[in-house]
Amino acid sequence: MKATAQIGVTGLAVMGRNLARNFARHGYTVAVHNRTPTRTKALVEEFGHEGDFVAAETAEQFVAALERPRRLMIMVKAGEPTDAVIEEFASLLEPGDVIIDGGNAHFADTRRREKSLRERGIHFVGAGVSGGEEGALHGPSIMPGGSAESYASLGPMFESISAKVDGEPCATHVGTDGAGHFVKMVHNGIEYADMQLIGEAYDLLRQVAGFSPARIAEIFRGWNEGRLGSYLIEITAEVLAHTDAATGLPFVDVVADAAGQKGTGRWTVQTALDLGSPVTAIAQATFARAASSQAELRAAYRGLPGGTTRELTSTEAERFTSQVEYALYASKLIAYDQGWKMILDAADEYGWDIDLGAVAKIWRGGCIIRAAFLDRIRAAYAEDPDLVSLLSDKGFAAEITDAQVPWREVVAIATRRGVPAPAFSAALSYYDSLRADRLPAALTQGQRDYFGAHTYRRTDREGSFHTLWGEEGRTETEA
Ligand code: NBP
């Protein structure tokens, strides 16, 4: 087989098939391959007219179809199938060739695979691809990790097939080894928080203001025109406005209220614990999904006393709506700040040089959390690339200042009324924790020293200290 293809895609289920078509539509010759050859045949039969495809039945034919250095993209099920496919192809490749894993791999697996392939002279690029099936076809947000050399060869192709915002591509070289998959994982964690916060806003408007889903859809449409404008707010309005054809009820009332949390959202929280990154809003969003799925436990709690109830006047309901907008925006700002800080913590831990402004830039389009807000974050980093927190930016600090009264009021009302708002509350507590002069961690340290002689540091002197708690006078010793 003549080597004519600039890129190869193996694994032609929904994601791989659409990415292959996207490459072909952008003028690249694409070698296509799948374990079960019927998928390869179907792709060429159905979409062959969209561009230049080279169908390969065997791994050998597939590799032979690729121009050198070969660029081979794997789009198979994450986990063991990815390892199996890497092993199958690596033995057919040569030093300098590039394997790209565009699946949802755990970044630790990507680090392991990169190291092992690097030893064989093969570049391994773990690329986060966001935007699902539609994004893969029409323009995803692409977050490749790996060597700078591999990005030099792949970057132009990724940038050409990615989503574009203001003419700029939603693809950038994130960092070495697992950085791309890490950033994709945090994107999904932020997505969990964003969705939960929107869910809490809806629930409060329904339960406290007494609005119907259709009315709340209108409110979200209005918010979509402002600073909350985003893909998630837009689709929320559509979902809430939808009526179930079978029952005539609002669609949201006929859907079972139990959500899963198996994927990258869970990984974000697990990894955050390892890094010591306090991503509380993301964690609460993940736990809120877990709680929703605890049917037996929910049955045991159902019927226990809750908060007070009172119907709001229409003026009060309008005012409450505006307060919820502030609370949603402020909480969202905190959730994003937590995600951003987690990326910084990982960059420190793994030696990645990640441009956070560039990350904001490539999330403006193609991915689920795409929003005007990300352009604000990009601009904040353009002004100060070393921002420790989004709240160190004057504009964001002014907005969180403006939100103080309504944000606190919404969390207080939710508490009084017994409406769960775990992510709103977590975001507000995080804000209060970090701005506090003193935290009760001092007492925690005292307790730890009391029961386990763990020692403590003092505010007025260097060194480690231990108090002899059992002794008369409780004398302090330098540990
Ligand atoms: P799936 O995750 O459903 O995987 C199906 C593909 O994996 C098929 O091509 C299948 O081949 C192949 N495969 C399996 Br399963 N085991 C294999 C093995 N041992 N050897 C070779 N091939 C094997 O496909 P998908 O839904 O298109 O997703 C592809 C990747 O993209 C996944 O990692 C997924 O997590 C990720 N993803 C990302 C997004 C996103 O928004 N970024 C969305 C959805 C999925 P066969 O046809 O022979 O069975």
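Every number here is computed from the coordinates shown, using simple stated rules; none is lab data. The model shown is predicted, which means the values in this text are computed figures rather than measured ones. Every residue, glycine among them, receives a Cβ derived from its backbone with ideal geometry; neighbour counts consider all protein chains shown.
Stretched out fully, how many nm does the piece from residue 401 to residue 60 gain, at 0.36 nm a residue minus the Cα gap?
Values: separation 341, 0.36 × 341 = 122.76 nm, distance 6.15 nm.
Additional length available on full extension: 116.6 nm.
Any chance you could give the angle, 0 to 90 degrees and rounded to 10, that helix 231-241 forms with the longest Cα principal axis of the chain?
That works out to roughly 70 degrees.
What number, rounded to the nearest 500 deg cm²/dmol, is the helix-based mean residue ellipticity at 222 nm of the chain, given -39500 (n - 2.57) per DSSP H run of at least four residues and division by all its residues?
Working: 21 runs with 266 residues, N = 479.
Counting only the DSSP helices, I get -17500 deg cm²/dmol.
Taking R0 as 51 Å, what's the FRET efficiency between residue 454 and residue 225 from their Cβ-Cβ distance, rounded to 0.05?
Working: r = 54 Å, r/R0 = 1.05.
It comes out at approximately 0.45.
So how strong a dipole does region 304-417 carry about its Cα centre when Lys and Arg Cβ are +1 and Asp and Glu Cβ are -1, to the nearest 20 debye? All intermediate terms of the calculation are to be shown ahead of the outcome.
On the way: 13 positive and 18 negative charges, 112 e Å.
Charge dipole of region 304-417: 540 debye, to the nearest 20.
Taking square-rooted eigenvalues a ≥ b ≥ c of the alpha carbon gyration tensor, is the chain rounded, prolate or oblate, where a/c under 1.5 means rounded and, failing that, a/b exceeding b/c means prolate?
Values: a/c = 2.11, a/b = 1.36, b/c = 1.55.
Oblate shape, in that a/c is at least 1.5 and b/c is the bigger or equal ratio.
What is the fewest-to-most order of 388, 359 by other Cβ atoms lying within 10 Å of their Cβ? Let's see the in-between values first.
On the way: 388 11, 359 25.
So the ranking, lowest neighbour count to highest, is 388, 359.
Taking θ as phi - 60°, what are the ³J(HN,Hα) couplings along region 66-73 by the Karplus curve (6.51, -1.76, 1.60), each to the nearest whole Hz, with x for Gly and Pro?
My calculation for region 66-73 gives 8, 5, 9, x, 6, 10, 10, 9 Hz in order.
Using modelled amide H (1.01 Å from N, peptide plane; none on Pro or chain starts), what sits under 5 Å from the amide H of residue 175, excluding residues fewer than 5 places away?
Residues meeting the criterion, in which the H sits 1.01 Å from N, are 146, 180.
For 274, 101, 177, 194, what ranking results if the residue with the fewest other Cβ atoms within 10 Å of its Cβ goes first?
Values: 274 11, 101 32, 177 25, 194 28.
Going from sparsest to densest Cβ surroundings: 274, 177, 194, 101.
Taking 41 Å as R0, compute the FRET efficiency from the Cβ-Cβ separation of residue 479 and residue 429 and round it to 0.05. Working shown, then result.
Details: r = 32 Å, r/R0 = 0.79.
My answer for the efficiency is 0.80.
Based only on the alpha carbon positions, what is the Kirkwood hydrodynamic radius of region 140-262, in angstrom?
Evaluated on region 140-262, it is 17.2 Å.
Scan around residue 165 for amide H atoms under 5 Å from its own, H built in the peptide plane at 1.01 Å from N, and keep only partners 5 or more places away or cross-chain.
170
Please report how far the C-alpha centroid of region 328-389 lies from that of region 282-297, rounded to the nearest whole angstrom.
Cα centroid of region 328-389 versus Cα centroid of region 282-297: 26 Å apart.
For region 288-298, just list the computed ³J(HN,Hα) in residue order, Karplus coefficients 6.51, -1.76 and 1.60, θ = phi - 60°, integers in Hz, with x standing in for Gly and Pro.
4, 5, 4, 4, 4, 8, 8, 4, 5, 5, 5
Can you give the Rg/Rh ratio of region 241-351, where Rg is from the C-alpha atoms and Rh is the Kirkwood radius?
On the way: Rg = 18.9 Å, Rh = 17.6 Å.
With Rh from the inverse mean 1/r over Cα pairs, Rg/Rh is 1.07.
On C-alpha positions alone, give me the angle between the axis of helix 14-25 and the longest principal axis of the chain, in degrees, nearest 10.
Tilt of helix 14-25: around 60 degrees.
Suppose R0 equals 25 Å; then what is the FRET efficiency for residue 134 and residue 254 from their Cβ-Cβ distance, rounded to the nearest 0.05? Provide the component values of the computation, followed by the final result.
Values: r = 25 Å, r/R0 = 1.00.
It comes out at approximately 0.50.
What's the center-to-center distance, using Cα atoms, between region 39-97 and region 406-479 in Å?
The two parts, judged by their Cα centres, are 54 Å apart.
Out of all DSSP beta bridges in the chain, what portion is antiparallel? Express it as a percent rounded to 5.
Working: 13 of 33 bridges.
Bridges in the chain are about 40 percent antiparallel.
So if I place +1 on the C-beta of Lys and Arg and -1 on the C-beta of Asp and Glu, and nothing else carries charge, what would the dipole magnitude of the chain be about its Cα centre? I want it in debye, nearest 20.
Values: 48 positive and 64 negative charges, 133 e Å.
Taking the Cα centre of the chain as origin, the dipole is about 640 debye.
Using amide H atoms built 1.01 Å from N in the peptide plane, name the residues 5+ places from residue 479, or on other chains, whose amide H lies under 5 Å from its own.
Here the answer is 464, 465, 466, since their amide H atoms fall under 5 Å of that of residue 479.
Which percent, nearest 5, of DSSP beta bridges in region 7-173 are antiparallel?
Values: 6 of 25 bridges.
DSSP beta bridges in region 7-173 are roughly 25 percent antiparallel.
Which listed residue (430, 40, 401) has the Cα farthest towards the positive end of the charge dipole for the chain, taking +1 on Lys and Arg C-beta and -1 on Asp and Glu C-beta about the Cα centre?
40
Could you derive backbone 3J(HN,Hα) for region 188-194 from the dihedral phi with the Karplus parameters 6.51, -1.76 and 1.60 (θ = phi - 60°), listing whole Hz in sequence and x where the residue is Gly or Pro?
The phi angles translate into 5, x, 4, 4, 4, 5, 4 Hz.
In Å, the Kirkwood hydrodynamic radius of region 7-173 over pairs of distinct alpha carbons?
With all distinct Cα pairs of region 7-173 included, I get 15.5 Å.
Measure nothing but the geometry: give the 0 to 90° angle between the long axis through the Cα atoms of 372-383 and the longest principal axis through the Cα atoms of the chain, rounded to 10°.
90
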